[in-house]
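Below: one structure, written as structure tokens.
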Amino acid sequence: MTRNSRRRTVPALRVSVTDARGRRVATGPAAGLGSWLSKAAPARARGLVSIAIVPDATMRRLNRVHRKVDHATDVLSFPGTISLGDIAIARGVAAGQAKAAGHSLRTELRVLAIHGLLHLLGYDHEADTGEMRRVEDRLRRRAGLPAGLIGRTVRSPRPTHR
């Protein structure tokens, strides 16, 4: 065995998408989200990511427990220790945002998945000087998506994500 063949390699990005009960999502607007995100992600995104499409009540509870904010948000990211991390997306909030933005729920789920993934990769639009927005804009243009979450001109009166 050569020295190079003994190096530990991190696998390409692998994404699983489930509902709030942990059942794989195979139909509806979230179908194919995992494979789509694996292709749309930046090259440095490697490892395992789990996305859960959850009811707004579940997202409200997660937001209250982890951020001390008592309302349902659209997307939350939870970095992992072994995996890259987990992303939770509130289905109802996402549906409302899709309607307000004039696109499909499938498109909104993709916008939110990219946004959540960038948080897992260490980006933080609340603290950086526009770096996350630039990366998000580049990825969404490459993927053919409308305005990214950060770049939307119509904003909710309260913070919607983290």
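The values are calculated or read from the model by the stated rules, or taken from the named source; none is laboratory data. Treat the numbers as computed from the prediction; the structure is a model and nothing was measured. Backbone-built Cβ (ideal geometry, glycine too); neighbour counts: all protein chains shown.
Data overview
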{"item": "Selection from the stretch 116-134 of residues that are in contact (Cβ under 8 Å) with a residue 12 or more places away in the chain and more than 13 Å from Ala45 (Cα to Cα)", "result": "His125, Glu126, Met132, Arg133"}
{"item": "Among the residues listed as Ala45, Ala41, the single one being surrounded by 15 or more Cβ atoms within 10 Å (Cβ to Cβ), closer than 17 Å to Ala30 by Cα and of a type outside the set (Phe, Trp, Tyr)", "result": "Ala41"}
{"item": "Test: residue in the stretch 92-105 that is in contact (Cβ under 8 Å) with a residue 12 or more places away in the chain, part of a strand (DSSP E or B) and either out of contact with any Pro (no Cβ under 8 Å at 6 or more places or on another chain) or of a type in the set (S, T, N, Q) (or both)", "result": "no"}
{"item": "Residue match in the stretch 106-115 (condition: among the polar types (S, T, N, Q), free of Cβ contacts under 8 Å to residues at least 60 places away in the same chain and more than 24 Å from Gly28 (Cα to Cα))", "result": "no"}
{"item": "Matching residues in the stretch 122-145 - criterion: being assigned to a helix (DSSP H, G or I) and either touching a Pro at 6+ places or on another chain (Cβ under 8 Å) or surrounded by fewer than 13 Cβ atoms within 10 Å (Cβ to Cβ) (or both)", "result": "Val135, Arg138, Leu139, Arg140, Arg141, Arg142"}
{"item": "Hits in the stretch 80-92 - residues which are over 19 Å from Thr107 (Cα atoms) and surrounded by fewer than 18 Cβ atoms within 10 Å (Cβ to Cβ)", "result": "Gly80, Thr81, Ile82, Ser83"}
{"item": "Any chance Glu131 is at pLDDT 90 or above and either more than 15 Å from the chain's Cα centre (by Cα) or among the charged types (D, E, K, R) (or both)", "result": "yes"}
{"item": "Total residues in the stretch 1-13, condition touching a strand residue (DSSP E or B) at 6+ places or on another chain (Cβ under 8 Å) and either modelled with pLDDT of 95 or more or exposed (fewer than 10 other Cβ atoms within 10 Å of the Cβ) (or both)", "result": "1"}
{"item": "Yes/no for Thr73 being out of contact with any helix residue (DSSP H, G or I) (no Cβ under 9 Å at 6 or more places or on another chain) and of a type in the set (Val, Ile, Thr)", "result": "no"}
{"item": "Positions within the stretch 54-79 being within 15 Å of the chain's Cα centre (by Cα), outside any helix (DSSP H, G or I) and surrounded by 14 or more Cβ atoms within 10 Å (Cβ to Cβ), in sequence order", "result": "Val54, Thr73, Asp74, Val75, Leu76, Ser77, Phe78"}
